[in-house]
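Everything below concerns the one structure shown next.
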Amino acid sequence: MDKKEDKLKEVISHAKEYGYVFPSSEIYDGLTATYDYGQLGAELKNNIKNYWWTAMVQMNEEIVGLDAAIFMHPKTWQASGHTEAFNDPMIDNKDSKKRYRADVLVEEHIEKYRDKIKKDVAKGKKRFGDDFDEVQFLATNPNVKRSQDKIDALEAQLTEILESDDLSALKGMIEELGIACPVAGSKNWTDVRQFNLMFSTELGSVAGDAAKIYLRPETAQGIFVNFGNVQKTSRLKVPFGIAQIGKAFRNEIVARQFIFRMREFEQMEMQYFVRPGEELKWYEYWKEKRNKWHKALGLGEEFYRDHNHIKLAHYANAASDIEFDFPMGFKELEGIHSRTDFDLKKHEEFSGKKLQFFDPELNKNYVPYVIETSVGLDRMFLAVFSAALKNETLEDGSERVVLSIPPALAPYKVAVMPLTKKDGLPDKAREIIDELKFDFNCQYDEKDSIGKRYRRQDAIGTPYHVTVDHQTLEDNTVTIRDRDTMEQVRVAITDLHGIIDEKVSMKKLLKMG
Ligand code: ATP
């Protein structure tokens with residue numbers, strides 16, 4: 001097993017052990033690729049939502065939020081093109097009976113050349129030490145150049161095939177590259193076929209009369225169909241945005257890699273309506289702004305990279321992903337798309353209603369262009385959780401597992417612990433919690449030795465640990481321990497609120513983003 005698989009396994013088991021993520025309906029042996037968020041997972045998820053919503057809606061006076069239904073009129077999906085074209089190319093291996101996304105098999109093959117470049121860079125660094133110039137190395141090293149040429153050629157070939165929807169050429173490419181099934185190891189493939197990703201169900205109680213409806217595969221359409229309602233009632237002028245957080249459903253061909261790719265997931269999307277012709281300026285603006293929002297969390301710049309799309313969706317004139325270095329490698333975390341006026345125009349056509357804006361400065365009506373930012377809430381969760389999970393060896397040689405979740409997102413902000421269960425210490429600890437709990441999610445913890453309690457709080461990511469001891473009863477001071485530095489200082493109880501607030505407040509992040 002390689003290191004990446006090890007890390008993902010560690011993430012999954014830590015998430016389960018500490019009440020972050022459980023397999024869904026586990027008592028019935030679970031349901032493939034479906035997960036439930038546990039007592040701490042629900043808190044982390046809510047905090048991520050809150051960070052996103054506040055950054056979008058509260059920090060920008062021209063952005064408002066809404067909460068649309070999951071069920072929508074079936075015509076919505078005809079207008080958006082999903083009934084016709086929300087397909088992925090799939091291929092089966094005849095020996096293992098496993099199903100794959102054909103384009104992903106090729107992309108994973110291309111990724112191997114990227115890994116090769118990374119290895120060459122690491123070797124170069126080792127050989128040249130301080131004199132190593134990475135930019136020059138990447139531009140001149142013959143091995144790197146060979147890999148890069150291969151990547152460029154394969155990406156160009158894949159783009160052309162996907163753009164022309166040439167399924168037999170896609171199979172040809174898989175065969176030409178000698179791609180084998182990761183499970184069976186064989187190259188015994190079926191033909192490539194298209195597979196629609198929308199889940200359908202029936203509306204109404206009488207099956208015969210029931211109309212077929214879909215579970216929304218993206219939250220965006222709930223925003224587009226409400227464009228007119230929101231614009232009129234809010235009286236916002238272009239440019240303005242509508243934000244939404246909600247569930248989306250896709251019958252993914254291969255749902256895997258824990259909560260990275262599920263069939264039921266949550267999106268945080270914002271559609272920004274702009275003047276036609278100004279969309280690329282706003283596209284760049286949102287690309288930068290979203291990068292800042294992510295990086296303000298302090299997980300480390302090296303976890304992020306921008307990836308400009310090689311194949312643009314039918315509605316887009318520019319698109320880019322913010323990719324994150326997940327345990328399985330760099331993968332899409334957020335998409336930023338310039339969607340033109342495609343969606344609003346299509347809804348005008350299918351509904352017969354006008355979805356336009358009268359621009360007083362230009363003195364004319366137009367269908368606005370749209371910039372979309374769309375981030376998966378579950379992928380954000382996985383990004384934060386996996387980057388935060390660390391095994392540390394301490395100075396005395398002992399080991400600890402620490403979940404250094406950005407304090408603003410941590411489920412509990414502070415754990416309050418009486419040193420012993422006697423002498424009135426528990427009552428004092430509860431008194432402190434009764435004061436702090438109005439502003440911070442607190443945990444009371446009195447079981448086991450204090451050392452064990454610290455380790456437990458490290459493992460669940462609580463940024464501050466307050467210990468009540470006998471001195472507390474005399475002078476109203478406590479010790480406060482920092483999860484990350486493990487330093488302990490003695491402070492007055494009356495100062496606790498300020499100290500905790502300074503570290504866990506979202507304000508700092510929002511100012512950076
Ligand atoms: P991918 O290429 O990984 O399938 P996508 O390009 O289809 O993703 P979008 O349609 O752009 O994804 O959706 C926006 C965001 O929703 C993605 O960036 C991702 O964070 C999230 N997302 C999409 N599909 C899933 C899924 N099956 N499970 C969890 N999150 C998802």
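The values are calculated or read from the model by the stated rules, or taken from the named source; none is laboratory data. Note that this is a predicted model, so its numbers are computed, not measured. Every residue, glycine as well, gets a Cβ built from its backbone with ideal geometry; the counts of neighbours run over all protein chains shown. For accessibility, only protein heavy atoms count, side chains too; no ligands or nucleic acids. Shrake-Rupley method; radii C 1.70, N 1.55, O 1.52, S 1.80 Å.
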Could you please find all residues in the stretch 356-399 being surrounded by 13 or more Cβ atoms within 10 Å (Cβ to Cβ), in contact (Cβ under 8 Å) with a residue 24 or more places away in the chain, away from the ligand (no atom under 16 Å from the Cβ) and not in a helix (DSSP H, G or I)?
PHE357, ASP359, TYR366, VAL367, PRO368, TYR369, LEU389
Of the listed residues (GLU264, GLU202, GLU175), the one being within 16 Å of the ligand (Cβ to nearest atom), acidic (Asp, Glu) and open to solvent by 40 Å² or more (accessible area, probe 1.4 Å) is GLU264
Any hit, the stretch 29-47, residues being at pLDDT below 95, farther than 21 Å from PRO217 by Cα and of a type outside the set (A, V, I, L, M, F, W, C):
yes
All but one of (1) within 28 Å of TRP189 (Cα to Cα); (2) of a type in the set (Val, Ile, Thr); (3) at pLDDT below 90 hold for VAL135; which doesn't?
(1)
Looking only at the stretch 426-467, which residues are outside any loop (DSSP other than H, G, I, E, B), of a type in the set (Gly, Ala, Ser) and open to solvent by 10 Å² or more (accessible area, probe 1.4 Å)?
GLY451
When the stretch 457-485 is checked residue by residue, the ones that are of a type in the set (A, V, I, L, M, F, W, C) and free of Cβ contacts under 8 Å to residues at least 24 places away in the same chain are ILE480
Working carefully through the options ALA296, ALA255, ALA243, find the one that is under 28 Å from LYS9 (Cβ atoms) and open to solvent by less than 20 Å² (accessible area, probe 1.4 Å).
ALA255
Would you pick out the residues in the stretch 400-425 that are part of a helix (DSSP H, G or I) and open to solvent by 20 Å² or more (accessible area, probe 1.4 Å)?
PRO407
Hey, among the residues in the stretch 267-294 that are more than 23 Å from THR54 (Cβ to Cβ) and among the acidic types (Asp, Glu), which one's farthest from the ligand (Cβ to nearest atom)?
GLU278
Among the residues of the stretch 230-252, write down those that are touching a residue at least 40 places away in the same chain (Cβ under 8 Å) and among the basic types (Lys, Arg).
LYS237, LYS247, ARG250
Could you please find all residues in the stretch 37-89 being open to solvent by less than 40 Å² (accessible area, probe 1.4 Å) and of a type in the set (Asp, Glu)?
ASP88
Can you tell me which of GLY329, GLY335 is at positive phi and either within 16 Å of the ligand (Cβ to nearest atom) or not aliphatic (A, V, I, L, M) (or both)?
GLY329
Restricting attention to the stretch 258-294, the residues that are under 18 Å from LEU382 (Cα atoms) and either of a type in the set (Phe, Trp, Tyr) or more than 13 Å from the chain's Cα centre (by Cα) (or both) number exactly 6
Counted residues, the stretch 236-250 - those being away from the ligand (no atom under 12 Å from the Cβ) and part of a strand (DSSP E or B)
5
